[in-house]
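The values are calculated or read from the model by the stated rules, or taken from the named source; none is laboratory data. No experiment lies behind these values; they were computed from the predicted model shown. Cβ sites come from the backbone with ideal geometry, for glycine too, and all protein chains shown count toward neighbours. SASA here: full protein model, heavy atoms, side chains in, ligands and nucleic acids out. Shrake-Rupley method; radii C 1.70, N 1.55, O 1.52, S 1.80 Å.
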Amino acid sequence: MKALILAGGMGTRLRPLTLRTPKPLLPLVGKPLVMHIIDRLPQEVETVILAVSYMREALETYFRENDCGRQVVLVEEKVPLGTGGAIRNVRQHLDGTFLCFNGDIVSSLDPVELLQVHRHCQGIGTLALWKEADPSAFGVVEMKDGRISGFQEKPPPGQAVSHLVNAGIYAFEPRLLDHIGEGTVSLERDVFPRVLDEGLFGHRFSGHWVDCGTPESYLRAQATLIDGGMDLYRPLLNDGADVIGPNHLDGVSLVSCRVGPHVCALPGSRIMRGSVVERSVLMTGALVGEDCQVRDSILGPGAAVGNGTMVTREVLVGVTPVR
Ligand code: GDD
Ligand code: MG
């Protein structure tokens, strides 16, 4: 079986991080975001197709250098074709029922269960569905007699027909391709509303689900994964630091500081004397100087926060001097 991962978006809501790294390769608790999807694929998936566009070379390099245990095929769009156009663009690789994933989702969904529901319902597609208190930032489905009877992509606040949102994880039949025209096509806006009569079904699941497309949701996914067992304590150095767990501390140097909870610090990062870091990530080589306070923030690779700086809800690359 083939699994298709839509990985060509520009990740604009995570800039400036995504100016250097495509969203699927952003490190999330020790491995790239897209590997959280690949590592959960059912065994019957032998080939992973990545529909790429933005920063294709970086993704190509990653998969050349890292064996993920399955065949990986990268298919490029010279210009992004939208989520529907991206599926059409890989049609020569699709030969049967396939799984399809938005490349920025971290979830507890078991794709095997999704496939079981899909095979039982025998529709053109089955969408994983998640219940959200405020669904306006997502695709919203209306259900009738066990089928999806309506689809609204990002309805204006207050106009959503339900609280059930498209989780961005699908099982599809290849005949879906008959409904995707040439050029730029949105799966959600152009295709779903048109194939309702072909049998579009939903599979609700529980556990966790996060779209990591914004700094806030990326940090929420990090906390969820740390709570769910990716708690790690392996500092390079702990010289009098107070660690309030759970965290994911891998090769960080801690000097008389206070760290945690829900901090992810990657190899070569450092937190110096008198600083406090909570609910944040320090990517490889990031530095928090002395007497800083860093909360709910993302420090990109090599980012440095100067002594005495207060950082709250920021995404930093480069050097942030004393303010
Ligand atoms: N190849 C390719 N080409 N991939 C694309 C393109 C494109 O033109 N545009 C977007 N993608 C990829 C992104 O990289 C991402 O992995 C996925 O498609 C979804 O795009 P987002 O930009 O993250 O969409 P969204 O989060 O606003 O909304 C989508 O996801 C929600 C769930 O998280 C929709 O599918 C919603 O209906 C859904 O609820
Ligand atoms: Mg998204």
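Results for (1) within 15 Å of ligand 1 (Cβ to nearest atom); (2) touching a Lys or Arg at 6+ places or on another chain (Cβ under 9 Å), shown as yes or no for each residue.
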| position | (1), (2) |
| --- | --- |
| Asp145 | no, no |
| Ile148 | yes, no |
| His163 | yes, yes |
| Arg175 | no, no |
| Thr184 | yes, no |
| Leu237 | no, yes |
| Ala241 | no, yes |
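Any residue that is buried (at least 23 other Cβ atoms within 10 Å of the Cβ) and charged (D, E, K, R) - is there at least one of those in the range 142-149?
Among the residues of the range 142-149, not one is buried (at least 23 other Cβ atoms within 10 Å of the Cβ) and charged (D, E, K, R), which makes the answer no.
Just a yes or no: is a residue in the range 259-269 among the hydrophobic types (A, V, I, L, M, F, W, C) and open to solvent by 20 Å² or more (accessible area, probe 1.4 Å)? Outline the logic, then answer.
Let us first name the residues in the range 259-269 that are among the hydrophobic types (A, V, I, L, M, F, W, C), namely 259, 263-266.
Those still in the list that are open to solvent by 20 Å² or more (accessible area, probe 1.4 Å) too: none.
No, there is no match, as no residue in the range 259-269 is among the hydrophobic types (A, V, I, L, M, F, W, C) and open to solvent by 20 Å² or more (accessible area, probe 1.4 Å).
Where the second residue is part of a helix (DSSP H, G or I) and open to solvent by 40 Å² or more (accessible area, probe 1.4 Å) and the first is under 21 Å from Ala7 (Cα atoms) and within 11 Å of ligand 1 (Cβ to nearest atom) and lies in the range 213-227, which pairs have Cβ atoms under 7 Å and are six or more apart or on separate chains?
Listed by first residue and then by second, the contacts come to Gly213/Arg13; Thr214/Arg13.
If you check Arg40 against the conditions, is it basic (Lys, Arg), within 12 Å of Ala3 (Cβ to Cβ) and in contact (Cβ under 8 Å) with a residue 60 or more places away in the chain?
Details: basic (Lys, Arg): yes; within 12 Å of Ala3 (Cβ to Cβ): yes; in contact (Cβ under 8 Å) with a residue 60 or more places away in the chain: yes.
Yes, satisfied.
Pick from Ala128, Ala86: which is modelled with pLDDT of 95 or more, out of contact with any Cys (no Cβ under 6 Å at 6 or more places or on another chain), not charged (D, E, K, R) and not in a strand (DSSP E or B)?
Result: Ala86 is the single residue among Ala128, Ala86 that is modelled with pLDDT of 95 or more, out of contact with any Cys (no Cβ under 6 Å at 6 or more places or on another chain), not charged (D, E, K, R) and not in a strand (DSSP E or B).
Which one is nearest to Glu216 (Cα to Cα) among residues in the range 1-42 that are among the aliphatic types (A, V, I, L, M), away from ligand 2 (no atom under 12 Å from the Cβ) and part of a helix (DSSP H, G or I)? Spell out how you get there, then give the answer.
Step one: filter the range 1-42 for residues among the aliphatic types (A, V, I, L, M), giving 1, 3-7, 10, 14, 17, 19, 25-26, 28-29, 33-35, 37-38, 41.
Applying the additional criterion that residues be away from ligand 2 (no atom under 12 Å from the Cβ) yields 1, 3-5, 17, 19, 25-26, 28-29, 34-35, 37-38, 41.
Next cut, part of a helix (DSSP H, G or I) only: 17, 19, 25, 34-35, 37-38.
On the way: Leu17: 13, Leu19: 18, Leu25: 18, Val34: 18, Met35: 20, Ile37: 20, Ile38: 23 Å.
My answer is Leu17.
Looking only at the range 1-33, count how many residues are within 23 Å of Val75 (Cβ to Cβ), open to solvent by 40 Å² or more (accessible area, probe 1.4 Å) and of a type in the set (Gly, Ala, Ser).
Within the range 1-33, residues that are within 23 Å of Val75 (Cβ to Cβ), open to solvent by 40 Å² or more (accessible area, probe 1.4 Å) and of a type in the set (Gly, Ala, Ser) number 1.
Return the residue satisfying two criteria in turn: it lies in the range 158-214 and is surrounded by fewer than 15 Cβ atoms within 10 Å (Cβ to Cβ) and among the basic types (Lys, Arg), and of such residues it is nearest to Asp134 (Cα to Cα).
Arg204
Does Ala128 satisfy the criteria of being within 21 Å of Asp211 (Cα to Cα), more than 14 Å from ligand 1 (Cβ to nearest atom) and touching a Lys or Arg at 6+ places or on another chain (Cβ under 9 Å)?
The answer is no for Ala128.
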